[in-house]
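Peer 1: What follows is a single structure, and I will ask about it in a moment.
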Amino acid sequence: MAIDLYLVWAVRVRRDVALAVLVSVAANVAGVLTAESLASVDTWVSAGLHAVFPLTLARMHRPLLTAETSVVTDPVPAVSAPEIAAPAPAESLPGTWPDADLWSDFEDSAPDVEPVTPPSAADVRTAMASLAAGTGRPVTGRMLADHYSVSERTGRRYLALAGEAA
């Protein structure tokens, strides 16, 4: 794992990438070769497959030269231009995301549903007594959940609350 983390670090900071890839390939292949018979074809196929990860990781993170990032051979003369001030932190450039006023829509918003205050243990015991009298059987968490219009898990919590306070 340390070797794989070293490989990821090397590729990200673009330092010692070749060494990290070689060490990772060698460690992965050596791990396969020490665990299997060297005469087996499966061993060599597995060793090759274990070498693919470090090579793929290095290839994926290698910067590619494209027409936009190619090196210009002719030096471009510097043109003196007036300095452009950076935008203030509260304003954004046109066409960029997120807009500066993105969060202003949420500043004064209230929650969609007011939080429900859970019933007290006495309220739960009263509800349990009325439910037991109405159905003629012991009260369950599901029955309390239906009574309070909450989830079954919350109904079981209410049932435990009434039992603890009794």
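The values are calculated or read from the model by the stated rules, or taken from the named source; none is laboratory data. In this text the structure is predicted, and so the values were computed from the model without any measurement. Using ideal geometry, Cβ is built from the backbone for each residue, glycine included, and neighbour counts are taken over all protein chains shown. Remember, those area values only see protein heavy atoms, side chains included, never the ligands or the DNA or RNA. Shrake-Rupley method; radii C 1.70, N 1.55, O 1.52, S 1.80 Å.
Peer 1: Mind checking which residues of the range 6-34 are surrounded by fewer than 10 Cβ atoms within 10 Å (Cβ to Cβ), more than 27 Å from the chain's Cα centre (by Cα) and of a type outside the set (S, T, N, Q)?
Peer 2: Initial filter on the range 6-34 (surrounded by fewer than 10 Cβ atoms within 10 Å (Cβ to Cβ)): 13, 18, 34.
With more than 27 Å from the chain's Cα centre (by Cα) added as a condition, the list becomes 18, 34.
Answer for the range 6-34, where residues must be surrounded by fewer than 10 Cβ atoms within 10 Å (Cβ to Cβ), more than 27 Å from the chain's Cα centre (by Cα) and of a type outside the set (S, T, N, Q): just 18.
Peer 1: Answer yes or no as to whether residue 129 is within 18 Å of residue 162 (Cα to Cα), modelled with pLDDT of 90 or more and open to solvent by 70 Å² or more (accessible area, probe 1.4 Å).
Peer 2: Numbers: within 18 Å of residue 162 (Cα to Cα): yes; modelled with pLDDT of 90 or more: yes; open to solvent by 70 Å² or more (accessible area, probe 1.4 Å): no.
Judged against the criteria, residue 129 is not a match.
Peer 1: Follow-up question, since we're still on this one. Taking the conditions exactly as written (modelled with pLDDT under 65, exposed (fewer than 11 other Cβ atoms within 10 Å of the Cβ) and either part of a loop (DSSP other than H, G, I, E, B) or not charged (D, E, K, R) (or both)), does residue 78 satisfy them or not?
Peer 2: Values: modelled with pLDDT under 65: yes; exposed (fewer than 11 other Cβ atoms within 10 Å of the Cβ): yes; either part of a loop (DSSP other than H, G, I, E, B) or not charged (D, E, K, R) (or both): yes.
Answer is yes for this residue.
Peer 1: For residue 91, only one of the following conditions fails: (1) at pLDDT 65 or above; (2) charged (D, E, K, R); (3) outside any helix (DSSP H, G or I). What is its number?
Peer 2: (1)
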